[in-house]
Structures are given as C-alpha cells and as structure tokens.
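One structure below.
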Amino acid sequence: MISDKILGHSIRVILTVGVMILTGAENIRAAEPSLQENIISVQDFSFITFNWQITGKWNKRVEIFEIDCTAFGTTDAALSLTFPQMGRDDIKRFSLSAENKTYHFTYKPPFKENGNPYNRYRIKIKLESKLGTHTETTELIGKYAPLVGIDDPRASSKTEKSIIGVNVHFSFAPRNIGSFAGWHKYRKLTDMIADAGIKWIRDSVGTEKSDDGKLRVKPFVLDWMHYAKKKNINIIALIDMSSNETEEQFIERCRTIAEAMKGITDIFELGNEPQNFGDWRKKYGGTWNGKEKDNSTSEWVKAHLKYTNAGANAIKEVRPNAVCIGLGACPPTNFRAITLGLSKYVDGVVDHPYSFSMPPERVPYSWRNEKRDGILTGDKNGSFVGLMLSYINIFKNTGQMRSLWLTEFGWSTFWFNGDNEKEMYAGFTENSQAIYLIRRFIQCMAIPAIKVACQYDFLDDYSSNKFNPEANFGLLRSDYSPKPSYYAIRHINSLFAGYEYDNKVIVNVKKAPLHRSMKRNILINNWDGAAINADNDICAYGFSNPEFTDRRMLAVWSKLPVSDEFNNRTVSIRISGWKNFCKYPLAVDIITETSFDVPIKIDGNDLIIDLLITDNPVVVKLFSSN
C-alpha cells in the first residue's frame, strides 16, 4: 500500500493493461487482451482531508474512475491526478469551490493502446488548499508486472548473487556507549540490511585473551556474525594490521580468526588503509602514497607488504579454501606493492575508490598525477572505469589475475560550515548521495573483475553531527531513519535480481545532445596540482538474466553532476544483439521506482531506444517477442 499516510488514510487501486510496440513508422498491434480483460482487481478509494472528502470508484464497463468530491467547510481546493510518462507526466487538474459543495468528475488513464501488461502505473492523487497538500497514490498493475521487480523488496535470504555490500561497526559497540553506540542494536540494523536485499557486510574482527591466556575472537563479534549468517548475508572479516605488533603475533591472530570463522565466512581482508591506520608510516617512514623523492618506494609499504603476505600464507595453512584480500591503500601504493611481490595467496586486491567531492565516474587518480605518484594509475581522464582497468592490466603484467574488492566508498551528507573549505569531502544532498551510489554500483556490476562493492557505511556515526564529514556517510541517520539512499539500494536489489552484465550485447549511445548551458568543464581546478574535468557523456550498460532468457535490461544515466536545475537531456541508444527483445519496453526510475512506457524502433537487426532522462538513473526492461 502506498500513501503519504496523512491523517492515517491510504488507498490502493489495481488494474491491468495491454501493450503497444513501435517499429519504424508503423504501429504493430498484437492480438492483446483489452484493458478490461487484463484487470486483476480494483479497489475503490476514499479519503478525507482539509475539509474535503474524495471518493473514487472504478467503472469497469467504460474503464474510467468516477470521482466524487464533497466539501465540509469553506475552503476551496484543487484536485489533480498525475499519470507517469517519459518526460512530462500527464496531469489532469480540477478546481473545487467549497461554495458548490459537491462535484462529480470522470478520469480515464491515458494509456497508449491497451497499455503495457508489464508496467505498474502509479497515479498520484493530490488535493491542495491553503490548509496544506495531501497526496495519495494508487497503482494500476499489469498482469505480468511482478516479473519486473518494481516495489518488490527482495530480502538477502532470497538473493543468491550480488556484489552490493555495506560497512558496519558492530564490533565497535559491544556496549551501548560512546561515539558508535548506535551500532549496539546489531539485530535491528542487520534486519534492515537484510530487508534491503544487501548481500555483504564488512566489519573488523576483534580478539582478546581468554581466562586461560589463549587468544580468541570476542564473543560479541561471534554473536553479530552468527545473526548475519542466519539472514544469509555474506561477511568480509577485516583483520586489522598494526606495525606495533610483531609478525609472529599477527600470524597467530590471523590463524585464530580463520579457525574461529569456520562455518561463518571464507573471506578475510588483511588491513585497512595502511597510509592512515596502524602506524606504518610513523614506524617505518614514508609518504601517504608510498613515493619517495627519488621515486623509490617508502619503507612502510615494504613492511606492510611483508605482513600482508605472511598473514595470507597463515590463513591458507588453516583454511586452504579461504579467500584472502588485502593491501587496501591508495592506487599508486597498491601498484607499487603488487610490483614488489604480492603473495600468490592474496586472491584479491582491495581499493577504496572514494570520489570525495565529485560524481562517481571520476576519481582523483589519473595520468595527470604521475608527478605526484611517480607511477601511472587509471587513465588520462581520471575515470573510475579507467582506474579499475589499470588494476586489471597490472594483474596481467605481474603474472597473476586477481579479483578487485572495493570495500569502501561513499558520499557524505554533512553540511559545509566554512571551516573545512580545503578538505577532500564535499557535503552532498541526501538525494545526490542516493543517485551517486546507484551510479557507482551499476558501473561496478559492469566490471566482472569486481567481486564486491561496499558502501561506507550503513549508519551515520557520531550522532549524525551535521558538520562532520565522517558522521554522515550512512544510508540511515543516527536515529535509524532511512535516507533516500537506503530505498534506492533496496530498489536496485529488486530490479537487478538475477541480472548479470551482458558482454555479448553492443550498446552504442548515438546521440546525447546537451544545451550549451548544461555542459560542464572543470570539476576541480587543482587537486594536488592536477585539474579534474567533468564528464558530459552518458553511461549505458546491458544486462541479462541467465535464469530467464526471455528478458533483458538496459541501465542508463547521465554522468553530469546532479543539479536538479534542468528538466532533462535526450538520449538515443542503438543496441545490437537484442533484436528479439522489442516487446513491452518500459523504463523504471531507480530512485523513485516510478515506471513509464518507452517507445522502441527496429532498424534492421538493431533496436533503437530514445529516452528523456533526468538526474536519476533508469533501467529499461525489455522482453522477448518470440
């Protein structure tokens, strides 16, 4: 049931619809059932608000809503019904004068032909007056709509494969005190993670000495891990690394954790951002990126690499089938460590590709940073995809293909107070955070080498202190209320369930014109001596579902920074390899889950899809015509 829940009223109307396909200049009408024949069920609606009673009854015979409005006071109002369409929605407006007391209207949803049986049309019913605004939403559901995944939350227990994860700090909060006290309610938070269909969580594994003097994993850590396991959530066990611990002590801790995690997890991450944590630079000396003045590698990088190799070897002795991942420094440091000799037992390399103050398609590592880093990483433009591909290249060049594990990235929703002008992070709106996370997750899905991508972090830390960047990365605020990003990730998990990147299809963006006022040039004029330019292009990726060969999906968005300034941009996409998937196309806004019909053309063996897109990423769902 969907409602703004004002005054406790809510409504739900259910209909079923037909289909139209556009091919070239011709309209081909399939022998589809009528709208009336496809109706599943219809529920009349009624609500009272701001001195008006609004009732609607579905007249099945003529396929219209009959709407009656009655005034109980002297307040005039306006009633509107909004039908979702690509671009500007279709809106019907009616003026209500309290002096007249009663009105009777009819409303016919503006379907094209018989509508789309895969769509889930949401009609907004809004009453506005000087007393306020009240909105209800009614749904018209096609008989095949459940196959699309709209408004169908998919729990982690029902998700077999997914790269989407989040960071948690359960291990920081065995008691409900301190800066991380909110994490103490690990069952509540784990339930919310599971309800959103998130498949991975990452947290550190604390150890202690038991009464007999033996090292053990802290009981509280095992408690939350067992609970997450029951929810069918995969765990990345982070083993912190400190230069103040001997290599022998570290090896013992790795073995203890690996033994204790049997039946819980097979994934072990060695260390976390050694340039920042573990006193590696303090003890051994060196720069944050591992480059010395003569372009030699800092001693701390070598020492950390030695511990990493030793830890991976120790874990594999205890758990031969375990997956060891590590390094976790910035890209130039990781590249140096890989070249120096990373153990064959380190199966995957960890990177934290924060975009800091930029959109997700940009990172502050590129060929322009060669002077700073003493090594080439990424590509000439500083693109996220370019950075990932440069990792794959160095894996090939060093003789062992490894997987990529992006165990941290995110966008903070803090407020700028003027004191942090030169900090790396910018404070983003909650809506922008949601959009950027979705864009990053989809790009990660399109790079097979990436095994997991974990957002940082699930819950705001430090009581959501509004001027602290570190306190506002959460999908939830510190009072456990969800931000838009929580719902957006829940949406993507339902819409993408079972889908994988399709490397056989060819997707070409043929046209993506921008008005000259919409084009962006420099994002940041000087980041460590290098300028970072905006990306004015379009992202478009194709996905297929191995379990269901009769459906395909296209993900599309603009790489521009979120502005909410302009209505839209236009995009024309040519698809080669999906000729038979021209039936019942519809698009779903991943942020709002609003869906609308999309025209499609067939040009020889190719499909052409023309879209009007806003700031929000969309997926176009396509179905086989066979």
Among (1) modelled with pLDDT of 95 or more; (2) of a type outside the set (Lys, Arg); (3) over 20 Å from residue 604 (Cα atoms), where does residue 548 come up short? (1)
All but one of (1) of a type in the set (A, V, I, L, M); (2) in contact with a helix residue (DSSP H, G or I) (Cβ under 7 Å, 6 or more places away or on another chain); (3) buried (at least 20 other Cβ atoms within 10 Å of the Cβ) hold for residue 150, so report the exception by its number. (2)
Look at residue 87 and say whether it is under 26 Å from the mean Cα position of the chain (by Cα), surrounded by fewer than 19 Cβ atoms within 10 Å (Cβ to Cβ) and among the small types (Gly, Ala, Ser). yes
What's the total number of residues in segment 495-513 that are small (Gly, Ala, Ser) and at pLDDT 95 or above? 1
Where residue 470 falls short, out of the listed (1) in contact with a Phe, Trp or Tyr (Cβ under 6 Å, 6 or more places away or on another chain); (2) surrounded by fewer than 18 Cβ atoms within 10 Å (Cβ to Cβ): (1)
Here is a list: 460, 479. Which entry is in contact with a Gly (Cβ under 9 Å, 6 or more places away or on another chain), among the charged types (D, E, K, R) and surrounded by fewer than 17 Cβ atoms within 10 Å (Cβ to Cβ)? 479
Quick one: which of 278, 271 is free of Cβ contacts under 8 Å to residues at least 40 places away in the same chain, more than 24 Å from residue 161 (Cα to Cα) and crowded, with 17+ Cβ neighbours inside 10 Å? 278
Single residue of segment 286-320 satisfying the filter (in contact (Cβ under 8 Å) with a residue 24 or more places away in the chain and on the phi > 0 side of the Ramachandran plot) that is surrounded by the fewest Cβ atoms within 10 Å (Cβ to Cβ): 295
Go through segment 394-425 residue by residue and tally those that are assigned to a helix (DSSP H, G or I) and either surrounded by fewer than 12 Cβ atoms within 10 Å (Cβ to Cβ) or on the phi > 0 side of the Ramachandran plot (or both). 2
Considering only segment 380-391, I want to know if a residue exists there that is under 30 Å from residue 614 (Cβ atoms), assigned by TED's automatic domain parsing to the domain that holds residue 267, among the β-branched types (Val, Ile, Thr) and surrounded by fewer than 18 Cβ atoms within 10 Å (Cβ to Cβ). yes
Residue set 230, 188; condition under 22 Å from residue 258 (Cβ atoms), within 25 Å of the chain's Cα centre (by Cα) and loosely packed, with under 15 Cβ neighbours inside 10 Å; output residue 230
Spot the failing condition for residue 535; the list is (1) surrounded by fewer than 20 Cβ atoms within 10 Å (Cβ to Cβ); (2) closer than 17 Å to residue 364 by Cβ; (3) within 23 Å of the chain's Cα centre (by Cα), and only one is missed. (1)
Within segment 569-586, residues assigned to a strand (DSSP E or B) and either of a type outside the set (Ser, Thr, Tyr) or surrounded by 21 or more Cβ atoms within 10 Å (Cβ to Cβ) (or both) come out as 569, 571, 573, 574, 575, 583, 584, 585, 586
Select, from 463, 390, the only residue that is of a type in the set (Ser, Thr, Tyr) and modelled with pLDDT of 95 or more. 390
Please work out which residue is nearest to the chain's Cα centre (by Cα), limiting yourself to segment 587-607 and to residues that are among the charged types (D, E, K, R) and in a strand (DSSP E or B). 589
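The values are calculated or read from the model by the stated rules, or taken from the named source; none is laboratory data. Everything quoted here is computed from the prediction, not taken from an experiment. Heads up, the Cβs are rebuilt from the backbone with ideal geometry, glycines too, and the neighbour counts pull from every protein chain shown.
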